[in-house]
Amino acid sequence: MKKLYSVVATAGLALAISGCTTNTVSTPSFETLDEKQLCNVKSNGIENVLATAAKYNKIAKEHGVEFKRLGMTNTQYINETNKSIKAGSDKVVLLDKKGKATKNSVSVEYATQRACKFAVSALILEAEGKKTWRTAVPGDGFKY
Amino acid sequence: MAKKTRIKAKEKKGITTAKVMANHAMLSYDEAKRAKKEVNFITSMIAKVDGVIVYEVSTSQFLSKNPFVQFKFKGANKGKELEFTWTDLKGNTQTDKKKIK
Amino acid sequence: MNRRKFLGLGLGLGAAAVMLPSTLSAVNFRETKTSAFEGPKSHTVDEAMTELFGTSKTIAGKVTLKAPDIAENGAVVPIHVSSKLAGKTVAVFQDANPESLVAVFTVPANGIIDYKLRIKMAKTGTVTAVVQDGTTLFSDSKMVKVTAGGCGG
Amino acid sequence: MLLNIVKSTALVALASCILNAGEFNAQAEKDRIALIEYTVAKFKDAEKNRDNFFPYSTDDELKNNIKKDIKVEEFAMGNYAFSIQGQFSYNEIKDMPPYEELVEQGEELYNDNKAIQACFPDTTIAGDYPYFDQKRNEVISLTGAINECLVNAGQEKWNEKKGKMPILQAYFAAQSTEAEKKVNITIPTAEAAAAYERGKEYYYTQRGYLKLSCATCHVQGAGKRVRNESLSQFLGQTTHFPVYRLKWGKDKVANGLGTLERRMEGCIKDQGQVPPKTNSKQMKELLYFMAYMSNGMNVDGPDVRK
């Protein structure tokens, strides 16, 4: 019986520790980020929105929740947008999955807004996911 | 073309079933053009037991890469050797043998 | 132009190689019916069939063709032709590629019409199997849908 | 050295499993049984259960393309377990699969490499990975163990996704299948249980710009379609790796075979997310959780997919 107690205690402790580490990684405040306001290029300006994108994407990357679309990571997307701005171009050339330039491009404004949106949503999604994931588990929160 | 043709031949109730997978890129005209390689594919396959033809097919560029064929024939016993030969467009041929189980 | 020239050369070599071993009884359809395989006019199934058999009139039935409704991958489409007919020649056609004749089997004395093979299809099309019994052609057809299959990398 | 570690951990794992069975793996067992119940119920009769499970599927699909009364063991076949349409091709290709020569190459790789032989004296171990190493307190994947073995012997690491790695693993899988081994994942300690839970959270958490979780498609979505793809069910998802995919092998047969990690990476990319690194803790814990869910099922690799 005593042994069982100790087993339960260590298990609890381990769970607490692991739970703790994952909790500290995601600050709850991310859930309340206002993506529309933060990523509005017209009211904030392209440079600021791109800086916001870079800031939050860095955190998303550390948390392992960075978005990727059509072979391009959000980091690549931000880098390419920065390059275009520096070069004075109003177009961002999209890359393929090997990192090579494709024939397709988008406007700097669109790229900036999307990069920001992706960075912020990744963190919001992560924070929401902490609360909602159990609703998908059969035998737990998922009822059918 | 050094790779062997994979052959499995089994006899049951007088009927032998042979499964064969040849090793060939089977580059069709379109594929060869895209890959910038010379077109080449198997154009004929023949199988024999004791020198008697038991399977014969003329093939085209539309067989899959490493083409697989299965065929059945009567009259061969376990222990006999099945001899399978293919010839491709460039005139390469390869013959492999396998005992019928 | 180049292609035809090359083909001619290839066939010549192929024929020479085939003649060497004791395959004298073999009917090499690629040699005798070149036009059915590659002929400039034989782009449809009907035309290729006419080149090969002299007619494209077939009776549906007595031949069973099995093929998937939707191919897992157009590069590997399994086909199964079987028949109880005592025919001597079996041919497989398809209309998904520019040229339609896929394979011609010569059924040997001990042979059974029960053939499997795996073919390539560039797009959705109909596969047709024909067995020649005497002067009559029996056939079965099946439509195979080809899509770019499989998700994820 | 590694052999000793493996041996001792295996012994400890076995012993602690007997001692603590029903303790550290209690939650995992509950999850596993709940998943089996759900999957079996869902595919009992798709047409009858449409309101519950398949509200968007067509009549034709439910009636003609989803098999009824599927046995638990059959779920290891992926979507071919239920998809009548896919079964013809699958069975035909399985009859003489393109990976046979690669299994033989895997055997040669094994016979030619003394280090690998020393690390893996038993070749029927495909169902025992990933396992939780109690000394190191981490999940060890088969891919990770093979590369570690090579590095310890002063050899170069192999690509974790294609090439020699899945070819050797195909040999292990074929040997395990032949020996009729079953998936046998243990959860020996509290730390192992925590790793399992983290893997579970990953599987069920929505990610990427499409806001999909693995479960969206493979638990709730199993049996439904995305474009023309029948989504496979989670149960039995890891039993048959490495897998030969027709699309991977399109240009070169040797490239057709891929490890479980290669498949996972592609799947996670489709979620709209940057996948975790092949040998990262996150990936290994995810695989650990997934493999546990197939516990007790037959190892049946390598296999072929579209």
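The values are calculated or read from the model by the stated rules, or taken from the named source; none is laboratory data. Remember, it's a predicted structure, so these values are computed and weren't measured experimentally. Here the Cβ is made from the backbone with ideal geometry for all residues, glycine too, and neighbour counts use every protein chain on show. These area figures cover heavy atoms from the full protein model, side chains too; ligands, DNA and RNA do not enter into them. Shrake-Rupley method; radii C 1.70, N 1.55, O 1.52, S 1.80 Å.
Extents of the protein assembly as shown, largest first, come to 84, 67, 59 Å (Cα atoms, principal axes, whole angstrom). Alpha-carbon geometry of the stretch B:6-99: the Rg and the Dmax are 14.5, 49 Å, given in that order. When only the Cβ of Lys, Arg, Asp and Glu is charged (+1, +1, -1, -1), the dipole of chain D relative to its Cα centre reaches about 920 debye.
For D:Trp248, the accessible area of its heavy atoms, probed at 1.4 Å with every protein chain present, is near 30 square angstrom. Translational diffusion of the stretch D:216-291 was estimated from the Stokes-Einstein equation, with Rh taken as the Kirkwood radius over Cα pairs; at 4 °C and 1.567 mPa s the coefficient is 96 µm²/s.
Buried surface for the D/A pair, taken as the accessible area of each chain alone minus that of the pair with a 1.4 Å probe, is close to 2600 Å² in total. Ranked by the mean number of other Cβ atoms within 10 Å of their residues, highest first, the peptides B:9-17, D:36-44 fall in the order D:36-44, B:9-17. For the set D:Asp133, D:Asp112, C:Asp46, solvent exposure ranked by accessible area (probe 1.4 Å, protein chains only) runs largest to smallest as D:Asp112, C:Asp46, D:Asp133. Neighbouring Cβ atoms from other chains, within 10 Å of the Cβ of residues in B:73-82, number 2 on average.
Remark: relative contact order (the stretch B:6-99) = 33 percent; criterion is Cα-Cα distance under 8 angstrom and separation of 6 or more residues. For peptide A:63-73, the mean count of partner chain Cβ atoms within 10 Å of a residue's Cβ comes to 5.
The residues of the stretch B:6-99 expose on average 42 square angstrom of accessible surface per residue, using a 1.4 Å probe on protein heavy atoms.
The alpha carbon gyration tensor of the stretch D:182-241 gives principal lengths a ≥ b ≥ c with a/c of 1.5 or higher and a/b no greater than b/c, which makes the shape oblate. Farthest towards the positive end of the charge dipole of the stretch D:30-306, among the residues D:Asn152, D:Asn184, D:Tyr38, is the Cα of D:Tyr38, using unit charges on the Cβ of Lys, Arg, Asp and Glu. Within the full protein context, the accessible area of C:Met143 is estimated at about 110 Å² for a probe radius of 1.4 Å. Axis of helix D:26-42 versus longest Cα principal axis of chain D: the two differ by about 30°, to the nearest ten degrees.
Between chain C and chain B, the total buried accessible area stands at approximately 3400 Å², from heavy atoms with a 1.4 Å probe. For chain D, the longest principal axis of the Cα atoms and the long axis of helix D:190-204 meet at an angle of about 40 degrees.
Normalised by the number of residues in chain D, the average gap of Cα pairs under 8 Å and 6 or more apart makes the relative contact order 24 percent. Ordering D:Lys162, B:Lys36 by accessible surface, largest first, gives B:Lys36, D:Lys162; the 1.4 Å probe counts only protein heavy atoms, with every chain in place. Solvent-accessible area of D:Ser57, all protein chains in place: 10 Å² (probe radius 1.4 Å, heavy atoms, ligands and nucleic acids excluded). From helices alone, the protein assembly as shown scores -12000 deg cm²/dmol at 222 nm; the rule is -39500 (n - 2.57) for each run of n ≥ 4 DSSP H residues, then divide by the residue total.
Among the lysines, which have Cα under 21 Å from the Cα of B:Lys78 when same-chain residues fewer than 8 positions away are ignored? Within reach: B:Lys8, B:Lys10, B:Lys12, B:Lys13, B:Lys19, B:Lys48, B:Lys97, B:Lys98, B:Lys99, B:Lys101. The fraction of accessible area contributed by carbon and sulfur in the protein assembly as shown is 54 percent, rounded to a whole number (1.4 Å probe; ligands and nucleic acids excluded).
Pick from D:Gly223, D:Gly154, D:Gly249: which residue has the top mean-square fluctuation in a GNM of chain D where Cα pairs under 10 Å get a spring? Highest fluctuation among the options: D:Gly154. DSSP beta bridges in the protein assembly as shown, what fraction antiparallel, as a percent rounded to 5? Looking only at bridges with both residues in the protein assembly as shown, the antiparallel portion is about 95 percent.
Each principal axis of chain D carries a Cα extent, and these read 59, 47, 38 Å when sorted largest first.
Neighbouring Cβ atoms from other chains, within 10 Å of the Cβ of residues in B:36-42, number 1 on average.
Remark on the stretch A:59-113: ratio of C-alpha radius of gyration to 2.2 N^0.38 Å is 1.12.
For the stretch D:221-263, the equivalent ellipsoid built from the Cα gyration tensor has semi-axes of 22, 15, 6 Å, listed from largest to smallest.
Tell me the angle of helix D:164-178 to the major Cα principal axis of chain D, expressed in degrees between 0 and 90 and rounded to the nearest ten. Between helix and principal axis, roughly 80 degrees.
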